[in-house]
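Take a look at the structure set out below.
The values are calculated or read from the model by the stated rules, or taken from the named source; none is laboratory data. All values reported here derive from a predicted model rather than from experimental measurement. Cβ placement follows ideal geometry from the backbone for every residue including glycine, while neighbour counts extend to all protein chains displayed. Only protein heavy atoms, including side chains, enter the accessible area calculation; ligands, DNA and RNA are left aside. Shrake-Rupley method; radii C 1.70, N 1.55, O 1.52, S 1.80 Å.
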Amino acid sequence: MKTVNLDVLATLRNRKFLALLAVALLVTYALPFPLINGFLQDYSRLKHIRERMLRENEAIVCHNVFNADPDFFGSHGMKCDEDYYRPNEQTVNVDGLSVYEDTYYEYLEAKKNLREELPTFVIFVIFEFLSFLWFSYAMVDFAVELPRENEKRISDSILSGLRSLPALVTSEILVFFVMILVLILLAIPIALLGPFGGFITGLIASPAFALVVPAYYFTGNIAPVGEIWRVAKGNPGGYFTLGLGLSVVETLAIVGYTTYLGLGTPFMMLITGSLRYLLSSLGALGVYLDTPLKENQEKRPSV
């Protein structure tokens, strides 16, 4: 492999690299956003209705118990929520919850709208996955070539990423199946960690998927599992630091998708998207280059 002198700060200050990042964000998030805006609104609305249903159920059940013997329960200081209690209104049972009839019909309408928007959102998710691989490869290509060729055109890197896309998709699928097997083997210890287990899963899996791009870029091998294992074994600090960063960003992205913020939603997507791109390109590239080629051998050129 040729010597690579990656200067992260210089790359981030390069106008062409920033332009490439802007193009990636525009294609991946900005342009498709109007297509998924309805889905995000309906999902947020459904989530709020579901929360209201839980509160209504608590209020209705509490008042039913209280009204069975008001003197007894009142003397023992029992109090029920009054904000979500509407006496003398018709209630229905939904998924084991007692809710008011108008809330139930609102819930059905929101579910119907969400189902209608779901195919568009699925298309967006597929498109986001493909474009993310495409532009992550383009950024790696541009960052590697930048110190060698100051006149590198971003269009060349974009075309290189597009040509490599089928192989990258294949590599990601292979890594996905391997990670499934690994997580199955680790299922019991991860389950013992409770809610923290999900975070550990992301810490293990997310850097593996990010390292597909630099591994394929330098080796041309569509089965990069060996290269990824070499990085995890030879540079565990870098591997898990990358995983930590990606896990935090993914958590922020999920919050952005599941909490509709109006005009703030696309900005949240652009912010988290830019962080994901930088970690999955420069971050993954830096970890890959800082890993020894073999044990007891010199490291790759320093980052």
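Only residues that are open to solvent by 80 Å² or more (accessible area, probe 1.4 Å), within 14 Å of THR258 (Cβ to Cβ) and acidic (Asp, Glu) were counted across segment 35-59, and they come to 1. Per the listing PHE66, PHE17, the residue uniquely aromatic (Phe, Trp, Tyr) and either touching a Leu at 6+ places or on another chain (Cβ under 8 Å) or under 23 Å from PHE129 (Cβ atoms) (or both) is PHE17. Here LEU26 meets the list (1) open to solvent by 80 Å² or more (accessible area, probe 1.4 Å); (2) at pLDDT 85 or above; (3) in contact with a Phe, Trp or Tyr (Cβ under 9 Å, 6 or more places away or on another chain) almost entirely, failing just condition (3). Within segment 102-144, the set of residues being of a type in the set (Asp, Glu) and in contact with a Phe, Trp or Tyr (Cβ under 8 Å, 6 or more places away or on another chain) comprises GLU117, GLU128, ASP141. Taking first residues from segment 232-245 that are over 17 Å from GLY197 (Cα atoms) and partners that are basic (Lys, Arg), the Cβ contacts under 9 Å between residues at least 6 apart in sequence or on separate chains come to GLY234/LYS294; GLY234/LYS299; ASN235/LYS299; TYR239/LYS233. Scanning segment 6-23 for residues that are among the polar types (S, T, N, Q), in contact with a helix residue (DSSP H, G or I) (Cβ under 7 Å, 6 or more places away or on another chain) and open to solvent by 30 Å² or more (accessible area, probe 1.4 Å) yields no hits at all.
Limited to segment 154-165, what total is found for residues that are farther than 13 Å from GLY220 by Cβ and either in contact with a Gly (Cβ under 6 Å, 6 or more places away or on another chain) or open to solvent by 30 Å² or more (accessible area, probe 1.4 Å) (or both)?
Qualifying residue count for the region: 6.
Contact annotation: residue pairs with Cβ atoms under 8 Å, 6 or more positions apart or on different chains, pairing a residue in segment 8-29 that is over 13 Å from LEU270 (Cβ atoms) with a partner that is open to solvent by less than 40 Å² (accessible area, probe 1.4 Å) and of a type in the set (Lys, Arg), are LYS16/LYS152. Of all positions in segment 119-135, at least one carries a residue that is within 30 Å of LEU54 (Cα to Cα), of a type outside the set (Val, Ile, Thr) and either open to solvent by 70 Å² or more (accessible area, probe 1.4 Å) or assigned to a strand (DSSP E or B) (or both). SER274 meets all of the listed conditions (1) in contact (Cβ under 8 Å) with a residue 24 or more places away in the chain; (2) in contact with a strand residue (DSSP E or B) (Cβ under 8 Å, 6 or more places away or on another chain) but one, namely (2).
Checked against the criteria, GLU106 counts as within 30 Å of ILE36 (Cα to Cα), in contact (Cβ under 8 Å) with a residue 40 or more places away in the chain and more than 28 Å from the chain's Cα centre (by Cα).
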